[in-house]
Each structure stands twice: as C-alpha cells, then as structure tokens.
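Throughout, read-outs are computed from the coordinates displayed, never taken from laboratory work. Everything numeric here is computed off the predicted structure, so don't read it as measured data. As a convention, Cβ positions derive from the backbone with ideal geometry for all residues, glycine included, and neighbour counts pool all protein chains shown.
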Amino acid sequence: MKFNAKSRMQILLLLLPGLLVFGIFTVYPIIRLFWMSFFKWDFGSFLDQEFIALENYRTVLADENFRIAFTNTIVYTLITVPAQMAIGLLVAMLINSINHVKIGFRVAYYLPVITSWVIASLVFKYVFNTEGLLNYFLTNVIHVTSQNVRWLDSRWSGMTVAMLLGIWKGIGWNMVVFLAALQTVPLELYESASLDGAGSWQKFIHITLPGIRGTILFALVMLTIGGFNVYTSTKLITGGKPGHDTEVVLSWMYYKAFSNGKFGYSAALSFIIAIVLAILAVLQFRLMQNKDEG
Amino acid sequence: MKERKKLLAIILASVTSLAAITGCGQSPATSESDSKSQETATQAPASTNETKEEASTEEVTINFWHHYSAQSPENETLTTVLIPKFEEENPGIKVNAVSHEWADLHDKILISAQSDTLPDVARLDSAWIPEFQKMGILVPLNKEMSDFNDVAGGLLESAMSTAEIGGDNYGLALNTNTKILYYNVEMFSEAGIAVPKTMDEFADACKKLSGTNANGQQVWGYDEPGLSGWNLCPFIWSMGGSLTNEEQTKATGYLNSKETVAAIEMFANLYKENAITGWNSGDIPMTDGFGTGRYAMLLEGPWKVAELAGAYPDFKYETAPVPAGDGGSISVLGGEDISMFNSANKDAAWKFMKFMTSEYAQVEMAKCGQIPVNKTALETDTVKAADFAPYIEQLQTAKSRPTVACWSEFDSELAAAVTEVVNGDKTAQEAMDELATKVDALLAE
Amino acid sequence: MSKRRLSQLVIYILLIAGLVVVMMPMIYMVSTSLKPNGALYEYPPRFFPKLREITLENYAYILGQKKFIGNFGNSILVSVLTVILSAIVSSALAFCIARFKFPGRSLLFGFIILTMIIPGTTMIVPQYELAVKLNTINSIWGLIPFYVAWVIPYSTFMIKGFVENIPKELDEATYMDGGSILVVFFNVAIPLAKPGIASVSIFNFLTAWEEFPWANTVINDDLKRTLPIAISGFFGQHQFTQWGYVFALSVLSLIPILIVFISCQRFFVQGLTAGSVKG
C-alpha cells in the first residue's frame, strides 16, 4: 500500500523518539568507543590525544591480567550456561508433569531471578565467608573438612562462588522459557511414541529436545551474552582479589578505565569483547542450523 | 510547533494507554520524596550559584567529599554537629557532604576532574596530594587566600607540610594520625607472653597466639586488612628497609634491598604458618575479628577506640608502640588534608575549610578519635582527656609514604607484588626485584 | 494408577527439595536481617535466629534514616520512568519495523540486534563522557535515558515479534475505515501487543531497579543514590560491616519487585518466550 505525505510524517513521528534515544545514547557511544580505541587516551592526556592506531589492542592482548580476566569469563560462561540450561529444563519438565500448584512452583523458582545482583552477591559472600555458615556446616556438622575452606581467597574457589551464584540466579529464567517451549511440543507425538514402546529417555531425546530446539538456541545466545555480562557478582564477592586473579573482562575494563584512567585501553578491550560475542553468536546460529539440516 | 504539539499528544496518549494496559506500570508511590529528588536532580551539579526562589539571599551550596565512612561516629558528628553549626554561622552557605569509600573517593576525584564535576572541597588522604597537584586541580592556598598565613600558623607545621609542594600549599592539615599496636589483653595473659617490643618478639608472639580457641575456631596472632603501603610500611621501615631513596627518584636498591625483602618474607612466612591474616576477601573484618578474640593484635589508628567502644563495649584491649626492628619503631604517618579544587566557589569553600580546622570543629572531631592539628585545640581539656599521647609519641618517628604523583599506582603495584609473595607464587626477592624495576619507570615519568 | 501416583509423589518431592536449595540464601538473608547486629559473628552460626533474639532493630534503623527512604524513592522513580519511556519508544519502533518499509530499516534492525549482543557496561566510558557533556552527572536524569537506551534493543526485538503475529487484515480494516497510521498503532497494535509490552516492562523494571555499575559511576550524593548503590555502600574497606542493616535494606528493596512480578507474572511467560518459541 502507498503512503501519502501525512502517513510518512506519522511514521517518522513514531520512529523519532526511538531513533533519538537509541542514536544518542547507544549508537553514538559505540562509534565514540571505536574512535577512542585508536588513541592514547588517559587521565594525563585527556585533552590532546595521540593517534596510536592498534597500539591499545596490542597492549590489551599482551596484558597478563586481561588474559586472566578473559579466561575467567570464558570458564564462567562455559560452566554456568549449560548448568543453568540443564537444571532449568529439568525443573521445567518436572513442573510440566504435575497437576497442582504449578504456578506456585513457577513463581518460587523464579525468585532468584528477580533478586538483584547486588543483594544476591552479598548473600553469597556472607554464606561463603571463611567464617560463614557454609564452612561451619562443612567442618562442624557434616565433617567433610577439618579446616574452614577459604572460598573467597583464591582464583578458582572465588570463581566457583561466582559461578554458583550465576547458576542459582539463572535457573528460574531457563525454567520459564523452557516451560513455555514445552507447551508447543505436540502431545500426539508423545502418545504415538508411547504406542511404539519408547521409554521416557528416548522420548526426551527424540521428541522433547528437537521440539524445543529453537528455544535452546535462543537461551544459548542470551545466556552467553549474559555470561560475558558478569560484573557485579565478582566485584562484590571477591573484588577481583587476590591480586587481580578473579577479575572478569568487564571488571577489568572498569578498573583500567576508572581506577587507572586508561580510557583508550578500556575502549579497545570493550571492542574485543564485542567482536568475540558477535563471533560466538554467529557460530551458535550456524551450529544450530547445521543440526537442522542434518 | 504543530509537530511538537502532536508529539506531546502522542506521548501523553501513550502514557495513559500504557498505564491502562499494563496495569502494573503505575508506581506504588510517586511521593513527595520523588518530586523532591527530581528537583534537586535537575540542578546542574557543577553550578554552585543557585538562582532559585530565594534569589534575594543568594544561597550557595558547596559540595564536600570525604571518606569518613557512612556509618561512623565521625560522619555522625560531621552531619549533625559541625555542618549545622557552620550553616548557622554562615547564613547563605549550605554544605552538601558526601561520603565515599576511601578507594572510591580517589577514583571519583580522578573521574570528576575529567568531567568538570569536582566538588568544592574534599578531605584527602595526604598521600594523594602530589598526584592531584600534578593534575593541576588543587588551589594553591598561599597564593589565593590573603589570610592563609594566619590560618596556617594555627596548625601544626609537621602536618601542614604534607600539603606543601614546591613551596606552595595545596591544602590545610585536617587531622593527623599514625598506627600503634593494639592487643587483646586476655589472649596475652592466657598465652603467658609479654607484649612484643621488637619485631622478633612480634613474629614470635604471632605464632604463639595463633591456633584454635575453645570453640575449635582458628585464631590469628595478628590481622592486617590489606597489603598496600599503609599496611606494610611500618614493618618495612621498622626492619630497616625503605621504598625509595631519599630523593624519591629511585626504587631499585631500596624496594628490593635486603631489609625490605626480609620484612616481606616475615609477613609471608607468618601467613604460611597461619599466624597472621586479614587481607583476603573471606577474612573476618578487622573490628569484628579483634572484638571477638579471633585476632590478637592489630596496628591501628586512634579512630579504632570509638569504633570498638561502639561495637564491642565490653572488650578489653591495650595499646603499645610499634615493635622495633633494626630501623627503630617506625609507624606510617597518616592524616588528611582539606583541599579546595579549582572549580570551587572559593570564598565559601575557604570559609568551610577554616571552620573545619577551627578549634571548635577539631575538638568535636577529637571526640571521635581524630587527632587535632589545631594548636589551641590540642591544648583543650577535652583533647588532653582523649588520651592521644601514645599516638603523638609514635608520631615522633613516623614517616610518610613517598610523596610522589604516581603513589596510587605504585601502591597498587606494591600490593599486587606482595600478594604474589604471600600466595607463594614468587619469592620475596623475585617479586621485589620486578617491582623495583616497574616503580623506577613510574618514578621517571 | 498407583504407579502414576507414586511417580507424581516423587516429582513433588524433587521439586520441593530443589526449592529448599533455591530458597536457602533468601531465607538466610531474611533470618539474618532479624538478628541483632552483634550476633553476626556468633558461635556457632545459626541459620535461624533464636526466638528471643529476633529483633526488628535493623528495620527500625533503616526506616529511620531519611536517606534510605530517599534511595527508595529514587529507585522507584527511575524504574517507573524507564519502564514507561522504553515501552512507548520500543513499541513505536517495533511497530514501524514490523509494518513499514522505510529507508534504513534493515540498518536500524541490524544495529538493534548488534547492541543486544554487546554488554551495556562496555560502553561505560563513552557514555560517561556523554553524561558529562549533557550535564547529567550526579542526577537521576543521568540514569533514565541511559537505561531506556539499554533496554530498547531487547524490548523492540520482543515487541516486534508480537506485532508480527497480529494479522495484517486488522490494520487493513482500520485503514479502510479511514484510520491513520497513528490510529492503527494505538487502536490495533498496542492493544494486541499488550502482553508483550507488559512482559518486557517487567524485565525493564528489574533492569533499572537492580542496575549497579552505571549508577555507581554516575551518582555521587547519598540522597541521589538508588538502592543497589545504597546497599553496597555499607561496605567500607577497613570497616566492619553491619550485615543486619545490609540485609534489612535488601529485604525491603525486594518488596516492590516482588509486588510487580507477582501481579504481572501471567504476562511474563507469554512475553518472554514469544520471540523464542518461533525459533
């Protein structure tokens, strides 16, 4: 259908606020970030920046602390994403197969999702404190260790606490998403499979999983992005300590920018993260499409 | 114009329709406090001259940033006693005091300097002054304030020197302090040992006092809540080590000297033997650990007295000088200066700075454990009764951390290096050699 | 039949067991907030306070402090405005992208997808610079536009899915009756995409309500802080932490979000999955 001038005006009117906000507060900063990443841009040289081409990128990639932070983020994502999805799907299937208080369970399992990161991090910090409740339980109640475990004081145990928090907080979201997806799998498929004598596991592999493939992809992409977004939990639980061993990419970026004033470095780091995520997203889509054909 | 009207209509329509459809978009309470915060929020933070309703009285608000922690007695005194008093004495000037965590304050000032959103006045750790001075954001008071000499003359010279760079003064001394040894009386008498007078005795005491208590909980001989210069310097200096040469231009040969390395090694060894702790994320916070008998000793400043009295009123402890080593009993000089930034409303800011260093304000702050630098305040009965004697004694030999512009970065590099040593990733010598090279480069910048 | 009963029973037990684990941290938080501050390093540590120990002193302290009430107000104001503004802006964008071919449409949609991928925090440096230029540092107006911009991509993407599910014939019918595009937008698209808008709104509310790094960077004054900043502000480096206060404030800050979530949760499932199920 053809639109006259008035209609065009109206479309513009509808688009305008969004374009303005999105343009000023998101698109412009991204372009600016890209620009900054090629300059020596720090507290000392805020006014006259020197163009240094790819030097910032080189510095970031050669930085030992960046590598630690990047590895931590990758490990965090690799562990928390599948764990959340598996547990979330399991809970969704359990809830799906009961007849009463479905909504009650759904709401209750969702509570960690709406608990803010700040609060959840502080609770976990308190529970995993060397003198905290968990250690008391482990040493004095069930006696699995004789000494308090220093959960927050070394790289991988500190990251473990952050990962447990990530999984705990993510189960609910996955549960809701998968619960909805399960509704879309036609019941007849299960019935005819039962007639063919298929067991629950076979039904799960051959009917459920293919039936919710789209949702799995969606969750995978969203959660991978979420994994790279981790910041508040490590910041509040370990503060990146010991040294900078439990730093993740965002907290390291923040530290370099706002504690060291290396804005150019941070901009380059941000862009590296963005590129990695874009590649991951494309890969995940490809992977799922291939399965589709096969 | 027409366009704009239409847009307005659309926005209004969408707001109402949305509120209707979502049914949950409405806020439970968009109350007065909201509209008030809106009001204050719309005021540009940097603009100090407000020409609002009461334009006739020309009211000025000065922003004062500090790192008295939000729940502390100092902050309580500041907001409920000192500021009301100042505002009463100086009608037309309002003070907006903002509390930041210590490390945050440093970062916030760096960031704000880039964005022209600095406060008017701030209470600064004297170790930061060289860095901020180099950035050119501090006002040289002796040049700009005609009555500077009168004001400065009333304050302790030693404390004033912390804000003096190249003959100019970039702040007024606000309070001075240093750390001394705090110890748990009961734990010492139970262990049957004397209060350590030397570093050897100190290390020995740490080992003897650590172990498990009656509940089977781990206890430590000594607590150190961090590994930065503030934490390590008393040990390095008392054991005869140093961070840099006298001129503060070179670290190699000093930061990695035999004595400095020995101090770091002592620390690392005691940690390995579970005799000291405190800097880890999972450790009990200092005051709680000391007050509940989990840490036997601390090195802390005068503010700890008020804090312990508030949180653990029945707890029994005593103080002693920093244990002496080959270098003597040398603590780290603390203390804060109050400084004015370039963008400040200078008249109002100066009035406030003079007020904060006045006898009245200094005496009030002394009640919360801030050692005055105002000479007349030091002579008052209240201050004399506060028993700052042990600190003042320790101050005789206390040294200040390097007064260099790169101190913050130096400091965090130091902490990172020592962390590697205590965790056993590197030997003290290796880590200090590397650090010294890095710091040499920083000092040369 | 009895076998089926048994398996149902097992499922309920599993679900409840899982729930206990999931709820444990929340319960511990509530129970800690009811203990006197001095009992926090007690020995042995307790999951539940002793009955005679239970106290509301932490809540009394928090509610007695004007600044925390202000922080509450700020959080509510910021979250509500973020929700309203982003709902308007995103549904208009979604409607246009779904229904009209205009120049730059695919570029716009491409950018929207791209920004869904990039974590908002990575833009913190240029956004900070922008906030400085706009003179919105230390002001809640330094929060709202940025939050709106952050949630636009996801919201637009989701609402677009809903708009595309609306039969085009409904639009056509309205145009036939002489309705303009705005009429279609307000009378057809918005009412029918309502569940989608509602569900992203809950999500947006939560985003603004709990956002930490940006607010922590931009806001200085105690009175202008939002709740997450106020809560984390209890931690001083060498200070002791009053966990009782921390958790009392945390519990209080959970209440509004709980109300929003529970009263709107039926929209939630629909909305969350609209984009995904189609796959």
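A few comments on the model shown:
- Taking chain B and dividing mean pair separation by its residue count, relative contact order in percent (alpha carbons under 8 Å, at least six apart): 22
- Taking the Cα centre of region A:153-294 as origin and assigning +1 to Lys and Arg Cβ atoms and -1 to Asp and Glu Cβ atoms, the resulting dipole is close to 600 debye.
- Loop-located GluC sites (Glu not before Pro) in region C:149-240 (DSSP state not H, G, I, E or B) with no more than 11 neighbouring Cβ atoms inside 10 Å do not occur.
- If you take the Cα centroid of region A:207-243 and the Cα centroid of region B:243-305, the two points sit 38 Å apart.
- Per-q log10 I(q)/I(0), chain B, q = 0.11, 0.13 Å⁻¹ (Debye; single scatterer per alpha-carbon; no solvent): -0.93, -1.19
- Taking packing as the residue-averaged number of other Cβ atoms within 10 angstrom, the listed peptides C:55-66, C:9-20 run from highest to lowest as C:55-66, C:9-20.
- Virtual spin-label span in nm between A:Glu188 and C:Ile255, 7 Å along Cα→Cβ: 5.3
- Highest-MSF residue in chain A out of A:Ser233, A:Ser146, A:Ser37 [GNM, Cα springs under 10 Å]: A:Ser146
- Taking the DSSP beta bridges with both ends in the protein assembly as shown, the antiparallel portion is around 65 percent.
- Among the residues of A:28-36, the average count of other protein chain beta-carbon atoms within 10 Å of the residue beta-carbon is 5.
- When the P(r) of the protein assembly as shown is calculated, the portion above 43 Å amounts to 40% of the C-alpha pairs.
- Relative to the dominant Cα principal axis of chain C, helix C:243-277 is inclined by about 30°.
- Burial ordering of A:Arg213, C:Arg225, C:Arg52, fewest other beta-carbon atoms within 10 Å first: C:Arg52, A:Arg213, C:Arg225
- Spatial offset of region C:165-212 relative to region C:4-46 amounts to 41 Å, using the alpha carbon center of each.
- Annotation: the residues B:His106, A:His143, sorted from fewest to most other C-beta atoms within 10 Å of their own C-beta, follow the order A:His143, B:His106.
- Relative contact order of chain A, taken over Cα pairs closer than 8 Å and 6 or more residues apart, is 29 percent.
- Between helix C:66-99 and chain C: long-axis angle, C-alpha atoms, 0 to 90°, nearest 10: 20
- The simple Förster model, with R0 at 22 Å and r as the Cβ-Cβ distance, assigns A:Ile52 and B:Asp116 a FRET efficiency of 0.30.
- Taking region B:75-221 and dividing mean pair separation by its residue count, relative contact order in percent (alpha carbons under 8 Å, at least six apart): 12
- Fraction of the pair-distance distribution of region B:166-243 above 22 Å, Cα-Cα pairs, percent: 42
- Shielding value for C:81-94 is 6, the average number of Cβ atoms from other chains within 10 Å of each residue's Cβ.
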